[in-house]
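Chemist: Structure incoming, see below.
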Amino acid sequence: MGFDGATYQTIEFQGKVVDKLSLASRMTMANIAIEMGAKARIFTPVGLELPYEWTPTFADENAKYIQTIEIEVSNLNSQIAFPNSPDNVHDIQIAIGTPIQCAFVGTCTNGRLGDLHEVADILKNNNIASGVKLLIAPASKQVFIDAMNDGTAQVLIQAGATFLPSSCGPCVSSHLGVPSDVETVISAGNRNFKGRMGNPDAQIYLSSP
């Protein structure tokens with residue numbers, strides 16, 4: 001849809017894949033849909049399980065939609081956003097082999113406990129490559145505590161990761177992790193505009209954790 005494909009509109013997500021998503025995953029998708037310009041983002045509550053009583057809300061049966069887009073995700077390869085825009089998206093196969101000097105996981109989009117679990121599953125009994133730094137900013141203090149309690153933080157630290165305070169951090173160059181000149185970063189953040197992380201001479205790719 002592009003960077004302005006839903007400007008000042010509301011996006012409703014539904015489908016078999018959506019029905020399997022956790023609350024945290026739905027929150028992330030709703031949050032990052034602002035990158036399509038959407039004013040509001042809602043999800044069908046089908047399949048959602050919460051640890052408390054709640055009343056699901058559905059769209060009106062006669063709701064009118066400007067457009068309906070169907071995506072067969074089983075035919076969709078993993079995607080990655082190239083510099084310098086979130087909608088400069090390509091098949092990840094094109095990017096494989098690109099040397100990086102920094103990887104960043106965190107912020108409002110991908111700092112959940114489940115995200116840290118995914119990274120830990122990859123790095124368990126492994127080390128990050130020499131000359132590469134891995135920065136992780138948990139989404140909240142509670143996420144960091146949970147990661148320590150279940151052993152995830154230990155796995156990541158032993159692999160060579162550096163934990164940052166819970167905040168936007170490197171994503172908006174507010175502290176720690178500003179890349180150097182000609183440094184290539186792969187980030188699980190939501191934006192990669194030129195200079196976004198504090199250095200216009202750095203290259204930023206966007207991906208999932």
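Every number in this text was worked out from the coordinates using simple rules, so none of it is lab data. The structure displayed is predicted, hence computed values, not measured ones. Glycine gets a Cβ as well: all are built from the backbone with ideal geometry, and neighbour counts include every protein chain shown.
Chemist: Could you work out the local net charge near Gln203, counting Lys and Arg as +1, Asp and Glu as -1, over the other residues with Cβ closer than 13 Å to its Cβ?
Modeler: -1
Chemist: Where the eigenvalues come from the Cα gyration tensor of the stretch 79-206, what are the semi-axes √(5λ) of the equivalent ellipsoid, largest first, in whole Å?
Modeler: Semi-axes (√(5λ), whole Å): 23, 16, 14.
Chemist: Can I ask one more? So in the stretch 73-166, what percent of DSSP beta bridges are antiparallel if you round to the nearest 5?
Modeler: Within the stretch 73-166, antiparallel bridges account for around 25 percent of the total.
Chemist: Relative contact order for the chain: what percent, with Cα pairs under 8 Å and sequence separation of 6 or more?
Modeler: With pairs under 8 Å counted, the relative contact order is 20 percent.
Chemist: Among Tyr205, Tyr52, Tyr65, what is the fewest-to-most ranking by other Cβ atoms within 10 Å?
Modeler: Tyr52, Tyr65, Tyr205
Chemist: Relative to the longest principal axis of the chain, what angle (0 to 90°, nearest 10) does the C-alpha long axis of helix 23-32 take?
Modeler: The helix 23-32 is inclined about 80 degrees to the chain.
Chemist: Using +1 on the beta carbon of Lys and Arg, -1 on that of Asp and Glu, and nothing else charged, what's the dipole of the stretch 10-75 about the Cα centre, debye to 20?
Modeler: 180
Chemist: Let me ask another. Per-residue ellipticity at 222 nm for the chain, helices alone: DSSP H runs ≥ 4 residues times -39500 (n - 2.57), over residue total, nearest 500 deg cm²/dmol?
Modeler: Value at 222 nm, helices only, nearest 500: -5500 deg cm²/dmol.
Chemist: Give me Ile128, Ile71 ranked fewest to most by other Cβ atoms within 10 Å of their Cβ, as a rough exposure proxy.
Modeler: Placing the least packed residue first, the sequence is Ile71, Ile128.
Chemist: Along the charge dipole of the stretch 10-75, pointing to its positive end and built from +1/-1 on Cβ of Lys, Arg, Asp and Glu, which listed residue (Met29, Val17, Ile71) has its Cα farthest out?
Modeler: Of Met29, Val17, Ile71, it is Met29.
Chemist: Right, another one. Taking the DSSP beta bridges in the chain as the whole, what percent of them are antiparallel, to the nearest 5?
Modeler: 15
Chemist: Say each of Ser140 and Leu76 gets a label point 7 Å from the Cα, pointing the same way as Cα to Cβ; how far apart are those two points in nm?
Modeler: For Ser140 paired with Leu76, the spin-label model returns 2.7 nm.
Chemist: Test of understanding: what is the full-extension gain from Thr57 to Ile157, defined as 0.36 nm times their sequence separation minus their Cα-Cα distance?
Modeler: Contour length minus the Cα-Cα distance gives 31.8 nm.
Chemist: Please compute the net charge surrounding Val172, taking Lys and Arg as +1 and Asp and Glu as -1 over other residues with Cβ under 10 Å from its Cβ.
Modeler: Result for the local shell: +2.
Chemist: Under the rule that an exposed site lies in a DSSP loop and has at most 15 other Cβ atoms within 10 Å, name the longest stretch of the chain with no trypsin sites (Lys or Arg not before Pro) of that kind, not counting the sites themselves.
Modeler: 125-193
Chemist: Using 0.36 nm per residue, how much length does the chain from Val17 to Ile96 gain when fully extended, once their Cα-Cα distance is taken away?
Modeler: 25.8 nm
Chemist: Something else: By the scheme Lys and Arg +1, Asp and Glu -1, what is the net charge of all other residues having a beta-carbon under 14 Å from that of Gly106?
Modeler: So the environment of Gly106 carries a net charge of +2.
Chemist: When the dipole is taken about the Cα centre of the chain, and only Lys, Arg (+1) and Asp, Glu (-1) are charged at their Cβ, what size is it in debye, to the nearest 20?
Modeler: So the magnitude is around 420 debye.
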